[in-house]
Amino acid sequence: MTINWAALALVAVATVVAAVSIVGLFSLGVAAVTAHQRSRGGAAASSLTLVAGYACISAAGLIAVYGLYLIIPQFH
Amino acid sequence: MTSTLFIVAVVIVTALFFDFTNGFHDSANAMATSVATAAFKPRTAVLIAAVLNVVGAFLSTEVAKTISGGIVNDALVTPTMIFAGLVAAILWNLTTWLFGLPSSSSHALFGGLIGAVLIGAGASGVNFSVVVSKILLPAVMAPLVAGLAAGLATFLVYRWFHNVDQEPTVGWFRKAQTVSASIIALAHGTSDGQKTMGVITLVLITAGYQDAGTGPQTWVIATAGLAIGLGTYSGGWRIMRTMGKGLVDLRSPQGFAAETTSAAAILASAHMGFGLSTTQVCSGSVIGVGAGRRLATVRWGKARRMVYGWLLTLPAAALFGAIAAAVALTGPVGVLIVLVALLAGAGAIYAISRRTPVTHVNVNDSPDVTVSFSRSSTSSMPAASSTTAGVATSQTVTLSGTAAATTPVETAPPPTGASAVITSTGTAPGSTAPTVVTPLVIGPDIREPTEDTIPGPAYSRGGHQ
């Protein structure tokens, strides 16, 4: 009986890392954007928050696009 | 020659029927969490999942080269054994659906094939070490990996960020859920859609209707895609309710975490050579996000019942498969008898399900899926046979639910007619015990403001105030 333990470990680690980083990144982005919305008209620093927030959300979106790339065999 | 054509035709029709049950069984994997948090309206959810499943079926180029991936010796497998395996898988899928149990369609198919091959070709036809390495071990690992990842992600998000359960933050998560759920649906189409195509193509090759080494014909791709799409669209609302409402009271950030984890696990396992069952990954994620949020309810009793269902899937399907093979291998008459038994069994399960229907209207109303075997206990809910009557019944359920929810008692039983039905004690052969209706406090959750929203007096978002 051959069990590919290395592949199993890789799948497990990849799942944990991907889940935590995507969900964390998106939450960070949303927290930044909503924080900016709450303090609307505030200090100039809040516009940096907004940009950083959208950057995080876009990064999460790009990972989703990478997921599509993995799913669709015609891409590779 | 005519008998070959007959068995090939029967296998193709049965394979498409299996594909249909595969679709409605796995509809919940992609969409249950989004339906539960109102990221999608129920019917929108299944429509999107259905379309993406069909698209996925057409996208996938790598059609299964073997029926079972080495679990049974494919050289010994005859179309009749495949037929018996498919019949077993369909009946097991329908039984678990009746009880609202998420269970793996692939495991049901493998189990059915194992049983059929044991009868048809003997124990040497089954590769038991592959059963352990490709079914049993992944079955243990899938929920653990997904549960751990989803639990950790949820725990960290609720710890690091405040007010994630409240507007406007929760709206962002709800939107994100539509993306993550769609990715799961598409991935499902590319993997499960091609399983049936592989089975049909291999049967056509074995019978000499198609050249060896050629891919599936266009009509095979089209009909298989259509079957899984129709199955997905029909919703499998009983399983949807268990996964979305039954195991955990989900909020949008949890739904997003569960879907992201499931998508990551499915893609990682597909590309790193260690296949995990989609159903077990998705169920594990849901339980993980429940355990990861403080104060969240995880109904461990339901989770335990689901695990029993997983444990039963392989042996039960194998038993069905063995019986079906024993009859079908006697000749064309035997095949006909099995076919009639399949239709009768499917019809009976459907009829029982209509006594306590779960539809797109009432899927979010209760965490419980009840099964009623005796006619006497269904006086308030007549067994409906036609679709129109079914809709009428579910509307009655909603109305009675609204009335029940006006009682200002927080610990009132789940306010739906479906849950209020007292289940009988009868058990179907090969099934788990009927769902016990216990009074449960339905935690505060986010509902879409439609007519089936229950005006609960204790409605509040709670959590991180």
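Only the coordinates and a few stated rules stand behind these numbers; no lab work does. Please read these numbers as outputs of a predicted model, since none were measured by experiment. Ideal geometry is used to build each Cβ from the backbone, glycine not excepted, and the neighbour counts take in all protein chains shown.
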Q: Using a 10 angstrom cutoff on alpha carbons, build the Gaussian network for chain A and name the most mobile of A:Ala59, A:Ala32, A:Ala14.
A: A:Ala14
Q: Select from B:Gly255, B:Ala268, B:Tyr233 the residue farthest towards the positive end of the dipole of the range B:218-310; place +1 on Cβ of Lys and Arg, -1 on Cβ of Asp and Glu, and compute about the Cα centre.
A: B:Gly255
(Q) Quick query: amide H of B:Val72 versus all other amide H atoms, modeled in the peptide plane; which residues come in under 5 Å with a sequence gap of 5 or more or a different chain? (A) B:Asn127
Q) Alpha carbon centre of the range B:330-352 versus the range B:273-314: separation in Å? A) 32 Å
(Q) If you average the alpha carbon positions of the range B:17-89 and of the range B:96-145, how far apart do those two centres end up, in angstrom? (A) 15 Å
Q.
Rounded to whole Å, give me the distance from the Cα center of the range B:164-196 to that of chain A.
A. 14 Å
(Q) Per-residue Cβ counts within 10 Å, from other chains only, averaged over B:161-168: what number is that? (A) 3
Q: Please arrange B:Tyr233, A:Tyr66 by counting, for each residue, the other beta carbons lying within 10 Å of its beta carbon, fewest first.
A: A:Tyr66, B:Tyr233
Q. In the structure displayed, which of B:Lys134/B:Lys245; B:Lys245/B:Lys302; B:Lys41/B:Lys245; B:Lys134/B:Lys195 lie more than 19 Å apart, Cα to Cα?
A. B:Lys134/B:Lys245
Q: Find out how many positive minus negative residues lie around B:Leu230, taking Lys and Arg as positive, Asp and Glu as negative, among other residues whose Cβ is under 15 Å from that of B:Leu230.
A: -2
Q: For chain A, set up a Gaussian network in which alpha carbons nearer than 10 Å are linked by springs, and say which option among A:Leu62, A:Leu50, A:Leu25 fluctuates the most.
A: A:Leu62
Q | Solvent-free Debye scattering, log10 I(q)/I(0), computed from the Cα coordinates of the range B:65-190 at q = 0.12, 0.18, 0.20 Å⁻¹ | A | -0.66, -1.05, -1.18
Q.
Kirkwood Rh and Cα-based Rg: tell me the resulting Rg over Rh for the range B:2-420, rounded to two decimals.
A. 0.98
(Q) With unit charges on the beta carbons (Lys and Arg positive, Asp and Glu negative) and the dipole taken about the Cα centre of the range B:2-420, which residue among B:Val46, B:His188, B:Ile337 sits farthest to the positive side? (A) B:Val46
